[in-house]
Amino acid sequence: MTATAAALRPVDGPACASALEEAARERRTLRVRGAGTKDHLGDLLPTELVLETTAMTGIVDHVGADLTVTVAAGTSFAALQRALAVAGQHLPLDPPHADAATLGGIVAANSNGFGRLRYGGVRDLLIGSQVALTDGTLARAGGRVVKNVAGYDLNKLFVGSLGTLGVLVEVTFRVLPFPASRAGAVAKAKRAADAFAIADALLRTPLRPSALGGEHVPRSGWTVIVGAAGERPAVERALVETERAATASGASVERIDDPEPILAPLRELPASASDGALVRASLPLAAQRSFAESAVGVEGFARLVVDAGSGIARV
């Protein structure tokens, strides 16, 4: 938010739609902001108004038996997870800055983490939305049941739209029960070829790890982090397959109880790009290794993080 921008804080959908209509009528420039965790994306231009969504909070509807939840878009991801945990459920997203990010902001920025490999991303888990438009209307897409099959899936228009098409005021997601067991493994490799061979071997199995991340920093070699979740036998098999793949590639491997402390800082690279340029590349899985090898040879290279299950690399 700029120093001169006036802040608007609507408390519900109708108030948000009214604020947008008034701004449009007066031809005033406006941008949308949740908790500000994505402010480093792009080049923010000065605006006369900033519409903040954080006053629109709370769970609107949670049908545990149907595994769906509807929530006001200004609600924080962490608050939703705490509420769902009471029912033994969770929203299987793992976005960056999950402690502060709002649900509307996560959808608008299409903010995903390593869990996309197993559970799908925002586009897969979002089943309904309500959006405030600049003509003062509220538009709905999808619904509050998992099997929304009629008409166009307009929800996907707003995933990654960054507030340019309207303001999300309510979102509905599919949720899942907590997995019975979680664990992980960390493999250390000397070469990119070995690290990506481990990832490729795991992707060729019937398993779907809950996370498959890779990292390289200067003088520290290559690290592959594997997360596994589900019934205990399935978790054990994932760890055994990881150990087998690491051994075949000449890498060392260690089991860990919880991969989250390692994955969290990788997911949040960077909080800002003030110290240099951040490059995000979406790659075919087969192209990850060659991209990574090229990236680490660039002058000024500082760090590389790869979501090896989806082909998203950040340098």
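The values are calculated or read from the model by the stated rules, or taken from the named source; none is laboratory data. Nothing here was measured: the structure is a model prediction, and the numbers come from that model. Cβ: placed from backbone, ideal geometry, glycine included. Neighbour counts: every protein chain shown. Calculation scope for accessible area: heavy atoms of the full protein, side chains included, ligands and nucleic acids excluded. Shrake-Rupley method; radii C 1.70, N 1.55, O 1.52, S 1.80 Å.
Under the combined filter of DSSP loop state and at most 14 neighbouring Cβ atoms within 10 Å, the range 122-185 retains these trypsin sites (Lys or Arg not before Pro): Lys147.
What is the ratio of the Cα radius of gyration of the chain to 2.2 N^0.38 Å, where N is its residue count, to two decimals?
Dividing the Cα Rg of the chain by 2.2 N^0.38 Å gives 1.07.
Overall shape of the range 1-74 was characterised from the C-alpha gyration tensor. The equivalent ellipsoid obtained from it has semi-axes of 28, 16, 9 Å, in decreasing order.
Can you tell me how the range 164-315 classifies by the Cα gyration tensor, rounded, prolate or oblate, using a/c under 1.5 as the rounded cut? Since a/c reaches 1.5 but b/c is at least a/b, the shape of the range 164-315 is classed as oblate. Treat the range 126-247 as a sphere of radius equal to its Kirkwood radius over Cα pairs and apply Stokes-Einstein at 25 °C in a medium of 0.890 mPa s; give the translational diffusion coefficient in µm²/s, rounded to a whole number. Stokes-Einstein gives a translational diffusion coefficient of 139 µm²/s. If I model the range 58-216 as equal point scatterers sitting on the Cα atoms and use the Debye formula, what is log10 I(q)/I(0) at q = 0.20 Å⁻¹? Normalising to I(0) and taking log10 leaves -1.26. Solvent exposure of the chain, expressed per residue, is 48 Å² of accessible area, with all protein chains present and a 1.4 angstrom probe.
Taking 1.567 mPa s as the viscosity and 4 °C as the temperature, the Stokes-Einstein diffusion coefficient of the range 76-169 based on its alpha-carbon Kirkwood radius rounds to 93 µm²/s. Cα-based values for the range 19-119, radius of gyration first and Dmax second, are 15.5, 48 Å. Among the GluC sites (Glu not before Pro) found in the range 17-114, those both in a DSSP coil and sparsely packed, with 13 or fewer other Cβ atoms within 10 Å of their Cβ, are Glu26.
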